[in-house]
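The values are calculated or read from the model by the stated rules, or taken from the named source; none is laboratory data. Computed from a predicted model, the values in this text were never measured in an experiment. Quick reminder, even Gly has a Cβ in these numbers, built from the backbone with ideal geometry, and neighbours come from all protein chains shown.
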Amino acid sequence: MKVIFETNRSKLKLHMVSCYINILAASSYCMLWTGFSPIVPDVQSCLYIPQRWLLYCFTAPAIIYILCQISDYTSRMRVWVIMLNVFMLAAGGLGTVPWISWTHKVYWYVMSCVPFPSILVHMWRMVSSAVDETMDPTSKRAIKFIRLFSITTWNLFPFVYFAAIDGALSLEISEPLWAALDWLTKMVYSSSLMEANFFTIAQRREFAVRAIEEANRLATIQQLSTVRDCDLGGGVRGVAVATPQARFPHALSAAILGCAVATEGPVQGHRVLYHRAARVPLKVPVGVRAAAHGGTWPAFPGTPT
């Protein structure tokens, strides 16, 4: 239902991944239940089930992909972690093949264990970045639970794997443990708990970017206001009109824009007001004079200057 009615692309992508995991798991267990997929007993008590390892090779990368969505990992790092998981699972599956020699089994057992510590470190870092970004106590507890759950389940699978191979666990115990761990992992990673925390983090990152942009905008406005106030305070002290018809719009406009300093300009018939901040010449008719830096107010026509 979520896939049908969802309009947000990011949410739809996560819903599709959850459906992908559940459909593969249901199909795999259906084939095992109906006897379509072969189950071959090994020399020890372990069972060789190719369908199980194919399922893990396709669903474990999807679970890692979900974890990557709440991390700050780059695309290259995400692909690297996913490939490490695929290699570990493929080597573990080859180690359970019953018709290979014991030497080959040991080789594949070792190969499956080599990337395991690195995978655990990456999983811890991926979720820890989300914990550091979270300020809400409820969300922080939920993400910490996801981190603890991920590390715990990823350590329980190898324990059951080697215990079943060694014969320490009988089929009556190892197979229910396999099924329980598999179901629990897929249930949690495709649940609304994981989905809610993913979108909470995505929205928080978006809000953080908006807050930074707004703070920068307000800081820029404050700096411009400070510069304008300084220019007006130390600039033109008086503006008068030399002709009654013109009043004083030109000089007043220059004063409002900033500090205007009256100097003789190269334009014939005009005095030039130079804006102190922008150094832009403002042409003012000869009849208008601006007195700057303590100058005196000019008189109207007919009065002695």
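At-a-glance table
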{"quantity": "From the options Ser190, Ser118, residue that is at pLDDT below 85, assigned by TED's automatic domain parsing to the domain that holds Ala26 and out of contact with any Cys (no Cβ under 7 Å at 6 or more places or on another chain)", "calculated": "Ser190"}
{"quantity": "Qualifying position, being at pLDDT below 80 and either assigned by TED's automatic domain parsing to the domain that holds Thr96 or over 20 Å from Ala25 (Cα atoms) (or both), among Ala215, Ala202, Ala179", "calculated": "Ala202"}
{"quantity": "Residue identified as surrounded by 14 or more Cβ atoms within 10 Å (Cβ to Cβ), modelled with pLDDT of 85 or more and part of a helix (DSSP H, G or I) among Leu148, Leu156", "calculated": "Leu156"}
{"quantity": "Scope region 73-113; condition in contact (Cβ under 8 Å) with a residue 24 or more places away in the chain, outside any helix (DSSP H, G or I) and not aromatic (Phe, Trp, Tyr); matching residues", "calculated": "Thr96, Val97, Pro98"}
{"quantity": "Residues satisfying the stated conditions in region 114-126, i.e. of a type outside the set (Val, Ile, Thr), touching a residue at least 24 places away in the same chain (Cβ under 8 Å) and part of a helix (DSSP H, G or I)", "calculated": "Phe116, Ser118, Leu120, His122, Met123, Trp124, Arg125, Met126"}
{"quantity": "Residue selected from region 163-175 under the condition in a helix (DSSP H, G or I) and free of Cβ contacts under 8 Å to residues at least 40 places away in the same chain, by the criterion surrounded by the most Cβ atoms within 10 Å (Cβ to Cβ)", "calculated": "Ala163"}
{"quantity": "Test: residue in region 129-136 that is part of a helix (DSSP H, G or I), among the charged types (D, E, K, R) and under 30 Å from the mean Cα position of the chain (by Cα)", "calculated": "yes"}
